[in-house]
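Let me begin by presenting the structure, written as C-alpha cells, before commenting on it.
The values are calculated or read from the model by the stated rules, or taken from the named source; none is laboratory data. Treat the numbers as computed from the prediction; the structure is a model and nothing was measured. With ideal geometry, Cβ positions are generated from the backbone for all residues, glycine too; neighbour counts draw on all protein chains shown. Ligands, DNA and RNA are excluded from the accessible area calculation, which covers all protein heavy atoms including side chains. Shrake-Rupley method; radii C 1.70, N 1.55, O 1.52, S 1.80 Å.
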Amino acid sequence: MDGNFNENDISRVVEADRAHIWHHLSQHKPYETTDPRIIVEGKGMRVWDQKGKEHIDAVSGGVWTVNVGYGRERIADAVRDQLVKLNFFAGSAGSIPGSNFAQMLIDKMPGMSRVYYASSGSEANEKGFKMVRQIAHKRYGGKKHKILYRDRDYHGGTIGTMAAGGQDERNAQYGPFPEGFIRVPHCLEYRKHEQDGAPDENYGVWAADQIEAVILREGPETVGALCLEPVTAGGGVITPPDGYWDRVQEICKKYDILLHIDEVVCGVGRTGTWFGYQQYGIKPDIVTMAKGVASGYAAISCTVTTEAVFDMFKDDAADHMNYFRDISTFGGCTAGPAAGIENMRIIEEEDLLQNTTDMGGYMLDQLNALADKHSVIGHVRGKGLFLGAELVTDRDSRDPVAEALVGKVVADCMQQGVIIGATNRSLPGKNNTLCFSPALIATKDDINQIVTAVDGALGRVFG
C-alpha cells in the first residue's frame, strides 16, 4: 500500500459505507456489529483492505473481471487522455476509440463484423434479445420470438435477462417475468445421473438432443434464438461434454435458430483463447461480452453480430421502423473502448493467452491433486484460468455439501488472505462449487498459494 490513508481517514470511510452503501449480494445485518470490508488498493494479483491486510485475489475482482490485474497505469493513462479529448457522445455518432477498438475486436472474431456498445453484460444480452424479437416481427409476423436458455446459465440481473436465467434462487421473488423464454436442460455430465434417460456414453450428443426435443415441443417456427454460455459460469463452472457443441450447431442450422453466445465471463482471454466459443469451433450469430473487455478499468459491454444479422436491420430504408431502434446512453462513453484497446494490447504483448493456457493446466493439475487428498472434492473441471471444484458429502451418491459449509471454506480462505468464489444463492440445494478465476497474469507461485489455502480450509471445515 502507498500509505495515502491514515487511521482517522479510513474510519470515516468505513462509517460512511456502513451508513449509506447498499452492497451487492450482501446481507447487511452483520454490519451493525462488524465493519464492512473496504478494498483500498490493488496491484497485480493482490488487493489490500482498510486494515492493511493483503489478499491474493483468485476471482479477479470478485466477479471474473480484472483479467490483466490491478494497477495498470497505461490503461488508466489511456482513459484519462481520452476523457480530456472527448469523454462522451451518444452512440448515434462514432468516436475514434470506438472505431479502433471495434476493428481490433473483429480482427479476433472471424465471421463476426458489427459491434454495438453498451455498459454491462446484462445490457449487452438485452440488446441481443431485442434483436431477436425485432427480427421475429420483421420476418416472421412476430411468431419466431421465443428465446431458449439453459438450466444453470446466467445472463444478467435485469428482469429481461432473469427471464432467461437458469438459476432459480437468483430469480426467486423477482417475477413475474416476460413471456417467451424457454429453458433447456443443462449439460453437466457429472450430474447426468439426475437426468432421466441420460446414457453412459455419448452424453454430450444426448444433452444437445434434449435442446432439440424442447424445440420440437415448442414448435421450431416459434423459436428465434438459443442463448448459451460457452462454459457455464456461476451455475458451477460447467465445461461442455464431447460432441455437445457440434450437435448444438447442427440443431440451430436445421431449424433456422440464431445462436447467441454469452461471453460475459469467458470473453477476452479467460479460457486461453480470445473467446470461449473459439475453444469449440462454434460459429455464432450473436456474441455478447463485458467484464474482461476492459478488465474493470471502465464500464463497457459489446453485442457483436454477423453481417447477416446486421443486414436484416437495413434491408428496407423506406420503412421508418426498419432499423434497430435502441440506444444505450453510456454506450457512448469513450473510456470503455479506450481501456479495451490497451487491455487487448497488454494481453497480446505479454502473451497472456498462452499463460492462461499454461497456468490453467497447472492449476487444474493442482486441484486434482487436492481431490486425491480430500474426498469432499467430487469433481474438478474448467478451461484455462476458469476452474471449479464441486464439493460432495459422498463420491458415490454425489450428494452436494451444504451451502453453509462451502461458505465456511470461502471464509477460511479469506482469513488466510486468499479470496476465492463459490456458487451461492443460485441453485436450490446445489450451491456447492468452489470457483476460481485468477487474473491471466497468474504465476505458479500465485496458484500454489491459492491451492494451499484451499487445502487448509478443507481440512479445517471437513476434517
**OP:** Give me the percent of the accessible area of the chain that comes from carbon and sulfur atoms, probe 1.4 Å, all protein chains in place.
**Re:** 50 percent
Subject >> Neighbourhood net charge (13 Å Cβ-Cβ; Lys/Arg +1, Asp/Glu -1) for I282 >> reply: -3
**OP:** Sort 401-411, 429-439 for me by packing, meaning the mean count of neighbouring Cβ atoms within 10 Å per residue, highest on top.
**Re:** 429-439, 401-411
Subject >> Residues K253 and E201, FRET efficiency given R0 of 25 Å [Cβ-Cβ distance, rounded to 0.05] >> reply: 0.50
Original post:
Based on the Cβ-Cβ distance of K283 and L83, what FRET efficiency does E = 1/(1 + (r/R0)^6) give at R0 = 30 Å, to the nearest 0.05?
Top reply: 0.20
**OP:** Please report the base-10 log of the normalised intensity I(q)/I(0) for the chain, using a Debye sum with one equal scatterer per alpha carbon and no solvent, at each q in 0.11, 0.14 (1/Å).
**Re:** -0.92, -1.47
Subject >> the chain - mean residue ellipticity at 222 nm from DSSP helices (-39,500 (n - 2.57) per run, n ≥ 4, rounded to 500) >> reply: -11500 deg cm²/dmol
Subject >> Solvent-accessible area per residue for the chain (1.4 angstrom probe, square angstrom) >> reply: 44 Å²
**OP:** Report the semi-axes of the equivalent ellipsoid for the range 338-463 in whole Å, largest first, where each axis is √(5λ) for an eigenvalue λ of the Cα gyration tensor.
**Re:** 28, 15, 14
**OP:** Give me the net charge of T271's neighbourhood, meaning all other residues with Cβ under 10 Å from the Cβ of T271; Lys, Arg count +1, Asp, Glu -1.
**Re:** +1
**OP:** Distance from a point 7 Å along Cα→Cβ of D242 to each backbone N in the range 162-189: keep the residues under 15 Å and list them by number.
**Re:** 189
**OP:** Could you grab the relative contact order for the chain? Cα pairs under 8 Å, six or more apart, rounded to a whole percent.
**Re:** 20 percent
Original post:
Relative to a virtual label point 7 Å from the Cα of A93 in the Cα→beta-carbon direction, which members of the range 311-350 show backbone nitrogen distances below 15 Å?
Top reply: 332-334
**OP:** Go from 0 up to the bin containing the longest alpha carbon distance in the range 85-244, width 10 Å each, and give me the % of pairs per bin.
**Re:** 9, 30, 34, 20, 5, 1, 0
**OP:** Can you tell me the alpha carbon radius of gyration of the range 261-369 divided by the globular rule-of-thumb value 2.2 N^0.38 Å?
**Re:** 1.33
**OP:** Name the lysines eligible as straight-distance cross-link partners of K51: C-alpha to C-alpha under 19 Å, and not fewer than 8 places from it in the same chain.
**Re:** K43
